[in-house]
Amino acid sequence: MNTDQKESARQLSFDYSQDQQMIRDAAREFAERHVAPDVIERDMSKKFPHDLVKLLAEQGLMGIYHSEEYGGGGFDTVSFCLVIEEIARWDASLALTIASHTSLGSGHIALAGTHQQKMKYLTPLAQGEKLAGWCLTEPGSGSDASGMTSNAVRDGDHWILNGTKTFITQGSVGDTFVVLAKTDPDKGAKGISAFIVEREWDGVQPGEPMHKLGMNSSDTTELVFENVKVPAENLLGEENKGFIDTMKVLDGGRIGIGALSVGIARGALEESMKYSQERKQFGKPIGSFQAIEHKLVDMAVRIDASRMMVHRAAWLRDQGKPFTKEASMAKLMASELSVEAANEAIQIHGGYGYTKEYHVERFLRDAKLNTIGEGTSEIQNVIIARELRKEFGY
Amino acid sequence: MKFYICIKQVPDVNAPLQIKEGQLLQDTDRMILNAYDASAVEEALVLSEKHDGEVEVVLIGPDKAKETLRKALAMGADKGTHIVTEDESYDSAVYSKILTAFFNDKEYDYIFCGKQAQDTDSGLTGGMLAMQLDLPYTTNAVGMEFENGSILVKRQGDAGQEMISVPSPGLVTCSNDMNEPRIPSLKGIMQSKRKPVDTISTGDLGLSEDDLAVRTQILSFEEKPEREAGRKFEGEPDEVAREVAKLLDEEAGVL
């Protein structure tokens, strides 16, 4: 290669930096040592793993990409994706806890908070001393988030917040919530503001953990806010502009769900590779039969594609470039893959795969969340179509 | 207290290996910190946290091995020295000679080494180094305490555990049964970038080509023969026992 070719080749690199490799290796070691051993038990007991979250905090894994100034790791979004993948490889519930805590609740404060708000709220969150919940969805408004009915009314130096939020990750274990509410109900999406709310305040009422298909040791509850007095300084971002920030937070959140999906799919492949070499039928390992081989290959190819898409979206975010479409595409691709890979992994494992003796049935139950949370696959299509129209000038 | 830990980069034991025409082919992308060395680093970190010490790591290896030095720094070691070598066919005698040259002008309380490296499993470098530096030493440590100015080493022997007091300066080689080496935290990884690393050559240590000549050489590698299936005995216990005894005597020749 001549100098020009070398220079242009340098622009596109598939190498991870030494930092990224070290973080990935550390996360892998952590997952194998601390996460993998009791994951089946955690799924069955459905208990939130406070002890593991404490260990994650000690490792610095609860605020990977937040700034060092506010207690974060100061690393990039690609590193964050590598960690989420390693954790989700074994325990998607725990990966969901980290991802939602980091990119939604803490992420919104990092994006829109003032220096004082970040010092007070982001620092303990990024250090993992406190847990964040992000309250957008309501019983009557999911995909159409701007149709929310929660509202906040200004009262002197306070806001009075009322409303019911649901499907809140860290709803009952969270300490700090970012709550979206109408502050100008006539203006739809342009009348929404965000508030930082502490769990200890009067009128904040977390519900009971919900019974779910999967993601069992991740905490999901309803949250009711009844005449909660929110100090004016806890308005997060500009008044009535909360929805714009919300969309940005969701863009970032999708990268995390993408990485989580890649982690589950990789788990499905690794478990299936192992099982199909060990399991013998008709005198040979079932992995030598083409019907099984093709399933494994299909998984491997799509995992590779998904990971690259997720990491590119993460890289764009790190470069400060627009990444809405890429994050949406990555999330759509990876989340659909995670469900199908887990499903095929059960098929490869046969009857054993249907039992809780093996990991793969949990993978399927956990993976299904990925095509729903942070925007359903259908909503990803809406977003991508809108971005396409923009791109083509329509 | 000043600790020096000798560390080595080795292939990940979980990475697949291939032997082709007597040569060993391995995935050089999957290199790790030798597990015994990791335990030595961990033990030094624990002791230095308790007794206000300093931990330095020294590594001999090619440029790529720098990543392993950084791992030790990310675990918490304060400083590193990378002795860069091109040739990777050195034997334990050469490694210990290089280390001896390195330690000649150094002051320290203890040198820790892994009891062996996972790639060659020779287990010689630590002992040779202690000899050449004229240090008291012990091997296969499974526990350590600092007591009355000496390190009290719990050593795993054949028949049981021995308690050996090693005065300072001294050398100990470590087993990986001693502890669970810490996983670098993100903070540790970030800090490791700012820690001082000296990069030197064997020439800087005053070693000549002759000094680096190996005394032992690996001629070739061979695949381990596949284990043959065992034999199952069924029937009346009396008869089976008699038959097994007979076969042990006549066929296996062990009685």
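The values are calculated or read from the model by the stated rules, or taken from the named source; none is laboratory data. Keep in mind that this is a model prediction, so the values were computed, not measured. So basically every Cβ, Gly included, is an ideal-geometry build from the backbone, and we count neighbours across all protein chains shown. Note: areas computed on protein heavy atoms with side chains; ligands, DNA, RNA excluded. Shrake-Rupley method; radii C 1.70, N 1.55, O 1.52, S 1.80 Å.
Listing for the model above:
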{"read-out": "When residues of the stretch A:15-24 are limited to those that are more than 7 Å from chain B (Cβ to nearest Cβ) and touching a residue at least 60 places away in the same chain (Cβ under 8 Å), the one farthest from A:ARG89 (Cα to Cα)", "value": "A:TYR16"}
{"read-out": "Residue that is under 28 Å from B:ASP29 (Cβ atoms), away from chain B (no Cβ under 13 Å) and modelled with pLDDT of 95 or more, where the choices are A:ALA99, A:ALA27", "value": "A:ALA99"}
{"read-out": "1 or more residues free of Cβ contacts under 8 Å to residues at least 24 places away in the same chain and open to solvent by 30 Å² or more (accessible area, probe 1.4 Å): qualifying strands (runs of 3 or more DSSP E) within the stretch A:190-303", "value": "A:192-198, A:204-206"}
{"read-out": "Meets criteria (buried (at least 16 other Cβ atoms within 10 Å of the Cβ) and under 19 Å from A:PHE80 (Cβ atoms)) for A:GLY353", "value": "no"}
{"read-out": "Some residue of the stretch A:38-57 being within 10 Å of chain B (Cβ to nearest Cβ), in a helix (DSSP H, G or I), open to solvent by 40 Å² or more (accessible area, probe 1.4 Å) and among the acidic types (Asp, Glu)", "value": "no"}
{"read-out": "Options B:ASP12, B:ASP52, B:ASP63; residue that is within 14 Å of another protein chain (Cβ to nearest Cβ), more than 22 Å from B:ASP177 (Cα to Cα) and surrounded by fewer than 24 Cβ atoms within 10 Å (Cβ to Cβ)", "value": "B:ASP63"}
{"read-out": "Breaking point among (1) among the hydrophobic types (A, V, I, L, M, F, W, C); (2) open to solvent by 50 Å² or more (accessible area, probe 1.4 Å); (3) in contact with a His (Cβ under 6 Å, 6 or more places away or on another chain), for B:LEU69", "value": "(2)"}
{"read-out": "Residue list for the stretch B:178-192, restricted to those being in contact (Cβ under 8 Å) with a residue 40 or more places away in the chain and open to solvent by 60 Å² or more (accessible area, probe 1.4 Å)", "value": "B:GLU180, B:ARG182, B:GLN191"}
{"read-out": "Qualifying residue in the stretch A:81-95 (condition: free of Cβ contacts under 8 Å to residues at least 40 places away in the same chain and either more than 19 Å from A:ILE264 (Cβ to Cβ) or within 14 Å of another protein chain (Cβ to nearest Cβ) (or both))", "value": "no"}
{"read-out": "Counted residues, the stretch B:196-219 - those being in contact (Cβ under 8 Å) with a residue 60 or more places away in the chain, open to solvent by less than 70 Å² (accessible area, probe 1.4 Å) and of a type in the set (S, T, N, Q)", "value": "2"}
{"read-out": "Of all residues in the stretch B:22-38 being more than 14 Å from chain A (Cβ to nearest Cβ) and at pLDDT 95 or above, the one that is nearest to B:ASP119 (Cα to Cα)", "value": "B:ASN34"}
{"read-out": "Count - residues of the stretch B:70-97 that are closer than 13 Å to B:LYS8 by Cα, away from chain A (no Cβ under 14 Å) and part of a helix (DSSP H, G or I)", "value": "3"}
{"read-out": "Qualifying residue in the stretch B:158-170 (condition: under 30 Å from A:ALA31 (Cα atoms) and away from chain A (no Cβ under 14 Å))", "value": "no"}
{"read-out": "Hits in the stretch B:151-195 (condition: part of a loop (DSSP other than H, G, I, E, B) and within 18 Å of B:HIS51 (Cβ to Cβ))", "value": "B:PRO167, B:SER168, B:PRO169, B:MET178, B:ASN179, B:ARG182"}
{"read-out": "Close pairs from the stretch B:109-138: first open to solvent by less than 10 Å² (accessible area, probe 1.4 Å) and modelled with pLDDT of 95 or more, partner in a loop (DSSP other than H, G, I, E, B) and small (Gly, Ala, Ser), Cβ under 8 Å, at least 6 apart", "value": "B:TYR110/B:SER168"}
{"read-out": "Condition check for B:VAL244: surrounded by 10 or more Cβ atoms within 10 Å (Cβ to Cβ), more than 25 Å from the chain's Cα centre (by Cα) and more than 14 Å from chain A (Cβ to nearest Cβ)", "value": "yes"}
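Okay, residues lined up against (1) within 14 Å of another protein chain (Cβ to nearest Cβ); (2) within 26 Å of A:TYR16 (Cα to Cα); (3) crowded, with 24+ Cβ neighbours inside 10 Å:
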position	(1), (2), (3)
A:HIS66	yes, yes, yes
A:GLU69	yes, yes, no
A:SER79	yes, yes, yes
A:LYS120	no, no, no
